[in-house]
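The values are calculated or read from the model by the stated rules, or taken from the named source; none is laboratory data. These numbers come from a predicted model, not from an experiment. All Cβ positions, even for glycine, are placed from backbone atoms using ideal geometry, and neighbour counts span all protein chains on display. Areas reflect the complete protein model, heavy atoms only, side chains present, ligands, DNA and RNA absent. Shrake-Rupley method; radii C 1.70, N 1.55, O 1.52, S 1.80 Å.
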Amino acid sequence: MEDEERLQLGGNPDWMSLLPAELLDVPLWNLAIPGSHDSMSFCLDVSSPVLKSEPRLLRVIDRLCPCWTRPCIYRWATTQQSVLSDQCDLGIRFFDLRIARKPSGGGKLFFAHGIYTLITVKEALGELATWLDTHPKEIIIIACSHFESLTDEDHCQLADYIISLFGKKLCSSEDSPTLRSCWCRGQQVVVSYDDQQMVLQHPELWTGIPYWYADSSDPKKVIAYLEEQKHKGRPDGFYVSGLNLTEDAAYILLHPLQDMRTLTLRALSLLLRWASEQQPGGGAGGLNVLCCDFVDVSHFCSLVIRLNYKKVLAAPRAVCTVPRATAEKCWLLP
């Protein structure tokens, strides 16, 4: 009940600053961090064309009957319904930003998931920067990827804008950031950029973060896939486990009146039950970022945040026996 009440009161806007002291020197990739899958899909533009990278079948039908395909794709491609600042207030600290150049967008960059967004990249990043100013002990991870139709010039301008906007708030890719180290340096932003050329040119940018997802609409298959990946061993550094479901183009076209929200809600209890059994950390099977669709319709964020307290409970603790008139003795209990 506590989680639900907290969500109603605004979620977890400052959860990192409230973590126990035992977690302040833990690398961020050994903490459990809530993330949103396709974070900008709450503002898709139903009048925009289908992406060139989408299956040919969708693109052909879109040219013939856009008034049918675009609303259909809109319903299936929308995986979030809250603006970024509200996601931050809920506790989201990882943002999956899929950047694209819209054919009729001029020099502006947008986001995309099947179709393009209404909000630009600069507007979205500016919103995050403003939120961080009022929450100085919270750290976010921004994962920039996909880059649909971006030119070399677009990449250079985008990287320069990110570095200019966040400035000293950026965590260098040469560091192993912890909460304490970030607070001491005034750092609040990790930016991963899924273009190696840009990463090599800018030490402020991190290499692309691995994202595990099952590419299935069956929650049992999603869980089985994540379990299989866990047994193979977690990557070094940041990585993402995706609870998100996926449908193929044929299914979407055959079910134009359904949507991803309904599909997600049916599967959510099973997915969250699995998530609640996980534990963060650097060992085999240790969880890091956990991403979900429609992060505002459940206690997802509170659940993931609470996983960090398992590390505190599992850690060895100092126990002292102090017999009177004798020296204090301390040892570690498992």
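Annotations for the structure displayed:
- Verdict on residue 241 being crowded, with 17+ Cβ neighbours inside 10 Å, closer than 27 Å to residue 127 by Cα and in contact with a Gly (Cβ under 7 Å, 6 or more places away or on another chain): no
- Any hit, segment 298-307, residues being part of a helix (DSSP H, G or I), of a type in the set (S, T, N, Q), out of contact with any Cys (no Cβ under 8 Å at 6 or more places or on another chain) and touching a residue at least 60 places away in the same chain (Cβ under 8 Å): yes
- Condition check for residue 186 on (1) buried (at least 19 other Cβ atoms within 10 Å of the Cβ); (2) farther than 21 Å from residue 121 by Cβ: one failure, at (1).
- Meets criteria (in a helix (DSSP H, G or I), open to solvent by 50 Å² or more (accessible area, probe 1.4 Å) and either under 30 Å from residue 313 (Cα atoms) or modelled with pLDDT of 90 or more (or both)) for residue 75: yes
- Check on residue 9, in contact with a Gly (Cβ under 9 Å, 6 or more places away or on another chain), farther than 22 Å from residue 210 by Cα, surrounded by fewer than 23 Cβ atoms within 10 Å (Cβ to Cβ) and at pLDDT below 95: no
- Considering residues of segment 95-106 that are touching a Ser or Thr at 6+ places or on another chain (Cβ under 7 Å) and at pLDDT 95 or above only, the residue surrounded by the fewest Cβ atoms within 10 Å (Cβ to Cβ): 101
- Failed condition for residue 82, given (1) modelled with pLDDT under 95; (2) surrounded by fewer than 24 Cβ atoms within 10 Å (Cβ to Cβ): (1)
- Unique match (being in contact (Cβ under 8 Å) with a residue 40 or more places away in the chain, assigned to a loop (DSSP other than H, G, I, E, B) and among the polar types (S, T, N, Q)) among 172, 216, 176: 176
- Of the residues in segment 115-127, at least one is at pLDDT 95 or above, open to solvent by less than 20 Å² (accessible area, probe 1.4 Å), assigned to a loop (DSSP other than H, G, I, E, B) and among the polar types (S, T, N, Q).
- Cross-chain or 6+ apart pairs with Cβ under 8 Å, segment 83-100 first and in contact (Cβ under 8 Å) with a residue 12 or more places away in the chain and hydroxyl-bearing (Ser, Thr, Tyr), then open to solvent by 10 Å² or more (accessible area, probe 1.4 Å) and not in a loop (DSSP other than H, G, I, E, B): 85/127; 85/130; 85/131
- Matching entry among 148, 138, 127 (being among the acidic types (Asp, Glu) and farther than 30 Å from residue 18 by Cβ): 148
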